[in-house]
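Written below as C-alpha cells is the structure these notes are about.
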Amino acid sequence: MAADDSTKDFEDFYRTRAPALHRYATTVAGPDVAEDACQEAWLRMWRAWGSADDQRLDAWARQVVRNCCLDRRPARLEALSPLAEMPALDLQPDELVLRRAEASAIGACVRRLPAHLRQVMWLREMVGMSYAEIAEALSIPIGTVMSRLHAARRRLARRLVS
C-alpha cells in the first residue's frame, strides 16, 4: 500500500471512529483525562498504523485508547460521563423532566460501579459489542465478561429499586 493510501486510510479511520473512542475514553478514565488520553492514543495508532490486523482495527483502537487511559489514571477509574440527554420527541414538559431525572439517577448508579464492571457494561450496552468482542478488547476470558456484566446489572438493579 502506498504512503498516500495509508494516510488516507488512517484519516478515514480517525474521522469515523474518533467520537466513539472519545466517549469510550471518558467512560474509562473520566472527562478530565479523556482528551489527553485520546490524543496520545491517536499518536500511538498513527505510529503503528499498518501493523494491526485490518479485520480487528476497532478492537485494536479501543485497546490503545484503554491503555492510554490506564497509563494516565492507574489508581482512579471511577468517573463516567453523565448519560447523554434523551431526545425530546413529542414529550410533554413533565414527561421530559421525569425522563431526565431517571437518566440522571441511572447515570449516578453507573458511575458508582467499580471500573471493571462499568467498562464491560459500557462496551456491551452502549457500544453494542458481543461478549467475544469485549473479551478480546479487554484481554479477559469470555466467562469473565459474562460474570462482570451479570454483576454490574445486578448491582444496578439493586441500587435503582432502593
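The values are calculated or read from the model by the stated rules, or taken from the named source; none is laboratory data. Everything numeric here is computed off the predicted structure, so don't read it as measured data. In this analysis, Cβ positions are derived from the backbone assuming ideal geometry, glycine residues included, and neighbour counts consider all displayed protein chains.
Tell me the helices (runs of 4 or more DSSP H) entirely within region 105-162 that contain at least 3 residues that are out of contact with any helix residue (DSSP H, G or I) (no Cβ under 7 Å at 6 or more places or on another chain). Break it down into steps so the answer makes sense when it comes.
Values: elements: 115-121, 131-138, 142-161.
The helices (runs of 4 or more DSSP H) meeting that bar are 142-161.
Does region 2-25 contain at least one residue that is within 15 Å of A115 (Cβ to Cβ), of a type outside the set (A, V, I, L, M) and at pLDDT below 90?
Yes; the residues of region 2-25 include at least one that is within 15 Å of A115 (Cβ to Cβ), of a type outside the set (A, V, I, L, M) and at pLDDT below 90.
A quick yes/no check of all residues on (1) outside the structural domain of H22 (by TED's automatic domain parsing); (2) farther than 23 Å from A29 by Cβ; (3) at pLDDT below 85:
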{"position": "W46", "(1), (2), (3)": "no, no, no"}
{"position": "A84", "(1), (2), (3)": "yes, no, yes"}
{"position": "A132", "(1), (2), (3)": "yes, yes, no"}
{"position": "I142", "(1), (2), (3)": "yes, yes, no"}
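With V127, V120 as the choices, which residue is at pLDDT 85 or above, within 15 Å of the chain's Cα centre (by Cα) and among the hydrophobic types (A, V, I, L, M, F, W, C)? Steps first, please.
Working: V127 fails: at pLDDT 85 or above.
The conditions single out V120.
Among A79, A34, A52, which is the only one that is among the small types (G, A, S), out of contact with any Lys or Arg (no Cβ under 6 Å at 6 or more places or on another chain) and at pLDDT 85 or above?
A34
For A137, are the conditions met, namely being within 23 Å of Q63 (Cβ to Cβ) and surrounded by 14 or more Cβ atoms within 10 Å (Cβ to Cβ)?
Yes, satisfied.
Give all pairs with beta carbons closer than 6 Å in which a residue from region 142-162 that is over 10 Å from V120 (Cα atoms) meets a residue that is hydroxyl-bearing (S, T, Y); count only pairs at least 6 apart in sequence or on separate chains.
Matching pairs, first to second residue: I142/Y131.
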